[in-house]
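Structure below; questions to follow.
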Amino acid sequence: MPMPIAPVTSSSTDLLLRPRQLRDLVAGVPWLGGLDDEAAGALLADSRVQSLKSREWLFRQEAPAHWLYIVISGAVRLVRSATDGHLATIRCVERGGPLGELSMVSREGRYLYSAESLRRTQLLAIPAGRCRALLDDQPACRAEFMSRLALELTERLEDLALLTQADAMARVVSYILRQLPPGRANGPRVVRLTIPKCWLAAQLAMTPETLSRLLARLREAGAINVERQRLVVLDEQKLREILLADH
């Protein structure tokens, strides 16, 4: 059944109401962070703000990629359709995260996955042609884009290895470790679960019940504490030992 696609909505009014916020949003995307004020302003002048209802499709896999997106608020689930029609959750993108950038290296310029909002969501829609021109004109942006692309590929290969070779506990622990804030801290560090646990379970290829059971085991082992939508990492070394033991 065809997925309805949300139309692009208003532009200038939304942009004028909060130009600093949107400029900071653009600067938060690593391969756009090096743009000067003039280049960032030109990018925003051609951009639009788009709103989605909960469970609304933004774009479909294989559709022409006319826009790239940055999440302003809310959350979006990225899914890829297998040959048998099954939808596999790749990951979920939240505030500040870009969507559709992999289409920049697609020969036909098409989306390589579908995107669905998990709740009411606002996005900044940037013309894909503008972004391609930036990569051509700004060597630093292009170098950072390729670096991030390599990182994305590495993470997806790690996901594939975990799904095919590791058990469910290893997938959960690997996810927690990858979500930890950068740098080292003297006290506990926090991972915020801002997407529904059912979607996180789907991303990790398990049922919500299995995810809850494994989190309970980690809590009992003294590695984490679960506080509603927060995972407090009490013993990072113990998590790493669990991960090694399950490989």
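The values are calculated or read from the model by the stated rules, or taken from the named source; none is laboratory data. Computed from a prediction, not measured in an experiment: that's the story for all the values here. Note that we place each Cβ from the backbone using ideal geometry, even for glycine, and neighbour counts take in every protein chain shown.
It is to be established whether one or more residues within region 78-99 are surrounded by fewer than 20 Cβ atoms within 10 Å (Cβ to Cβ) and farther than 24 Å from Leu204 by Cα.
no
So which residues in region 200-228 are out of contact with any strand residue (DSSP E or B) (no Cβ under 6 Å at 6 or more places or on another chain) and among the polar types (S, T, N, Q), if there are any at all?
The answer is Thr207, Thr210, Ser212.
So which of Ala63, Ala115 ends up being among the aliphatic types (A, V, I, L, M), more than 25 Å from Ile176 (Cβ to Cβ), at pLDDT 90 or above and not assigned by TED's automatic domain parsing to the domain that holds Val191?
Ala63
Do the conditions hold for Ser103, that is, is it at pLDDT below 95, touching a Gly at 6+ places or on another chain (Cβ under 7 Å) and either within 25 Å of Asp24 (Cβ to Cβ) or surrounded by 20 or more Cβ atoms within 10 Å (Cβ to Cβ) (or both)?
For Ser103, the condition - at pLDDT below 95, touching a Gly at 6+ places or on another chain (Cβ under 7 Å) and either within 25 Å of Asp24 (Cβ to Cβ) or surrounded by 20 or more Cβ atoms within 10 Å (Cβ to Cβ) (or both) - is met.
Going by what's in this entry, would Leu149 be described as part of a strand (DSSP E or B) and surrounded by 14 or more Cβ atoms within 10 Å (Cβ to Cβ)?
Here the answer is no, as Leu149 does not meet what is asked.
Under the condition of being touching a helix residue (DSSP H, G or I) at 6+ places or on another chain (Cβ under 9 Å) and either touching a residue at least 24 places away in the same chain (Cβ under 8 Å) or not in a helix (DSSP H, G or I) (or both), which residue from region 129-141 is farthest from Ser212 (Cα to Cα)?
Ranking the candidates gives Gln138 first.
Out of Arg178, Arg219, Arg192, Arg130, report the one residue that is under 21 Å from Leu234 (Cβ atoms) and surrounded by 15 or more Cβ atoms within 10 Å (Cβ to Cβ).
After ruling out the rest, the residue left standing is Arg219.
Give me the pairs, please: first residue somewhere in region 62-81 and at positive phi, second residue anywhere and loosely packed, with under 15 Cβ neighbours inside 10 Å and not aromatic (Phe, Trp, Tyr), beta-carbon distance under 6 Å, and either six or more positions apart or on two chains.
Gly74/Arg120
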